[in-house]
1. For region 1-70, which fully contained helices (runs of 4 or more DSSP H) count at least 1 residues that are closer than 18 Å to PHE84 by Cβ, within 15 Å of the chain's Cα centre (by Cα) and of a type outside the set (Val, Ile, Thr)?
2. Give me the pairs, please: first residue somewhere in region 21-50 and assigned by TED's automatic domain parsing to the domain that holds LYS65 and on the phi > 0 side of the Ramachandran plot, second residue anywhere and surrounded by fewer than 20 Cβ atoms within 10 Å (Cβ to Cβ) and in a strand (DSSP E or B), beta-carbon distance under 7 Å, and either six or more positions apart or on two chains.
3. Say we look at region 86-117 and pick out the residues that are in contact (Cβ under 8 Å) with a residue 40 or more places away in the chain and either part of a helix (DSSP H, G or I) or not small (Gly, Ala, Ser) (or both); which of these is surrounded by the fewest Cβ atoms within 10 Å (Cβ to Cβ)?
Amino acid sequence: MERTIGFKERRYIEELRILTRATAIDCIIDERFERVIYVIKQGDMGFAIGKKGENIRRLQNVIGKKVEMVEYSPDIREFITHMFKPAQVTGIRESAVPGTVDVVVRQKGDLGLAIGRGGVTIEKARLLLRRFGGPEIGEVVVGEGESDSQ
């Protein structure tokens, strides 16, 4: 899938690189939740976050919007797991609806984290999966860590 990055997104990616020395693969400006979502190169999350989240706070002050970061992984299942952090995702399984997957979390407490207030976290996952050509997210369920093949 072809991803195009606009001028504003490029500017935000460059701002991240200058402030943190981390490399962003992609950037999505989510106007609905007034945030910028960065997809960080695998292994660069430590640089991007900084000591005690200092880099994220500095970046938020410069950009003037909330900043969220997701570590990229070429393995779509691992990438989905990164999208829902800090919720503990134990598995990704095929949904009853073709082309969608269900996200399985470890315990009931992780269900709220995985969905987010007002659906903010699940919407982030949906935006990223559309952008990176992954499956749609069906439901977030509490259950065992079974990971069916996709």
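1. Hits in region 1-70: 45-49.
2. Note: pairs meeting the criteria are GLU34/LYS66.
3. Among residues in region 86-117 that are in contact (Cβ under 8 Å) with a residue 40 or more places away in the chain and either part of a helix (DSSP H, G or I) or not small (Gly, Ala, Ser) (or both), the one surrounded by the fewest Cβ atoms within 10 Å (Cβ to Cβ) is VAL97.
The values are calculated or read from the model by the stated rules, or taken from the named source; none is laboratory data. The model shown is predicted, which means the values in this text are computed figures rather than measured ones. Every residue, glycine among them, receives a Cβ derived from its backbone with ideal geometry; neighbour counts consider all protein chains shown.
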